[in-house]
Amino acid sequence: MNYYRKTITVGTLSLFLFYVFFLPTAFGITIQEEEELSKELLQFFERKLQLIKDPLVVGYVNKIGSNILENMPQQPFTYRFYVVKQHVPNAFATPAGHIFINSGLLAALENEEEFAGILAHEIAHVVSRHISQNIDRSPKLGLATLAGIAAGIFIGAGGAGALGNAVVAGSMAARQSATLAFSREDEIQADQLALEYLYQAGYGGQGLLGSMQKLRSMQWISTEQIPDYLMTHPASEERMAYIDTYLSANPLPEEKRLTIDPDEFRFVQAAISGKHGDVQIALASFDARLRSDPQDTISLFGKALALAQQEEYTDAILQLRKALERDAFNPTLLREMGRIYFLQGNYSQALQTLGGSYRLAPQDTESLYYLARTNMALGNLTQAVEELNAYIEKNPKDPEAHSLLGSTYGMQENLGMAHYHLGKYNQMKGRWKTARIHLQKALPFISDPTQKEEIETMLEQVKKSSNHEVRGKENK
């Protein structure tokens, strides 16, 4: 963990000092500057944070974010949502609308309305440009101080987290830290806007208050540590009283209330716990629930995922069969069963089960991904290429899919496309030298002028990124 923190701090510090010297000092960085800054930060976070790609989890988070955004005025940014595999309850936003939610926060909340409250609050900070204003003000503190708190500005001030908070706490006095954290006025404005966004989306707003109360109560359970989300989003009595008064005076009419399926949130929590959490804790929790209700589909689902983490595939499939007895046409249950059959090496069953889940939910690209992997294992290379191309069309930023597709083309002796996708994979991973080698090898085999031009553009990008990395190392 110490190595992880140092890596985050050093990388973020390098980015921050670049912007200290090159951004103008007028109050409030521009929209364009926010976009450029967010691109640099996103590349850094994608390399250093462990992001959950599970379509059940990510799809749900994006759905709730879209529910809120589609009822708001047109925004200057395209908002994007990410789930970080980190047990501490936290969320943070970067400039230009990139919002990160820790898996621990999703696990700590009780229902969709509470989660929508957190998302609406983070969106409100971006809309109000509180983050960019904090970044713009920070150079006035002086370079010596900035060097110690750079990670706090980009990771901490936008909803810190253990990494950002640790750096800030160890590097500066509380009065200086307050300059970077959200102010009382920032928080109240974000609450007011969040309530407006929630009402427009059909959420009653009670979830915003509920999430604050829940996180606040965690402080008393463990008195030595305040939940990370409260470090830079303090849930003051004043804020909670204001929200409570607003909700009492402005109840949402029932006819405007969004219809919510409570099981959808529970499935997401089960996936986070069973597939991405501590196995022993997950098994103990699901077993306790199953003792109360042996037929609870969601607990059977979660237990199966935890067992699969331990490579107990036969028992995992047994749990899913029990769940399917209650919900035979649930594509999520079928997809996970198919995935586990694949991991078990039972490719014929995997092909059959994944085919069924994909027919039921063609928007579920993870079924498509494992169908392709299953066909690769069975030697059905043409089918695997077709499925991987379809998957990449919907998930163009998934590097592993490009690696698989490159390998499959290689097995077909299609060297041009093999090197092209392996080059793309290494470019996404920041392996500039290897990316350049593959892209240069791809060129002689490619006859399509449009694709040739794309590869040449990629080579230029790789060269620039490689030079930028070298200069960064020389300046350390």
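Annotations for the structure displayed:
- Of all the criteria given as (1) surrounded by fewer than 13 Cβ atoms within 10 Å (Cβ to Cβ); (2) touching a residue at least 12 places away in the same chain (Cβ under 8 Å); (3) within 25 Å of Lys85 (Cα to Cα); (4) of a type outside the set (Val, Ile, Thr), the one not satisfied by Gln295 is (3).
Residue-wise test of (1) outside any helix (DSSP H, G or I); (2) buried (at least 19 other Cβ atoms within 10 Å of the Cβ); (3) at pLDDT 95 or above.
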site	(1), (2), (3)
Tyr229	no, yes, no
Arg239	no, yes, no
Gln269	no, yes, yes
Arg289	no, no, yes
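- Members of the stretch 70-84 found to be in contact with a Gly (Cβ under 9 Å, 6 or more places away or on another chain) and closer than 28 Å to Ser273 by Cα, listed by number: Tyr79, Arg80, Phe81, Val84
- Filtered residue count, the stretch 14-60, keeping only those that are at pLDDT below 75, within 19 Å of His98 (Cα to Cα) and of a type in the set (A, V, I, L, M): 4
- Across the stretch 242-267, the number of residues qualifying as over 26 Å from Val88 (Cα atoms) and in a helix (DSSP H, G or I) comes to 10.
- Among residues of the stretch 96-133 being assigned to a loop (DSSP other than H, G, I, E, B) and hydrophobic (A, V, I, L, M, F, W, C), the one that is modelled with the lowest pLDDT is Ala96.
- Selected residue (only one of Leu459, Leu404, Leu439 is within 24 Å of Leu368 (Cβ to Cβ) and either part of a helix (DSSP H, G or I) or not assigned by TED's automatic domain parsing to the domain that holds Glu46 (or both)): Leu404
- Any hit, the stretch 54-62, residues being out of contact with any Gly (no Cβ under 9 Å at 6 or more places or on another chain), touching a residue at least 40 places away in the same chain (Cβ under 8 Å), part of a loop (DSSP other than H, G, I, E, B) and within 30 Å of Tyr358 (Cβ to Cβ): yes
The values are calculated or read from the model by the stated rules, or taken from the named source; none is laboratory data. These numbers were taken from a predicted model, which means no experiment stands behind them. Note that we place each Cβ from the backbone using ideal geometry, even for glycine, and neighbour counts take in every protein chain shown.
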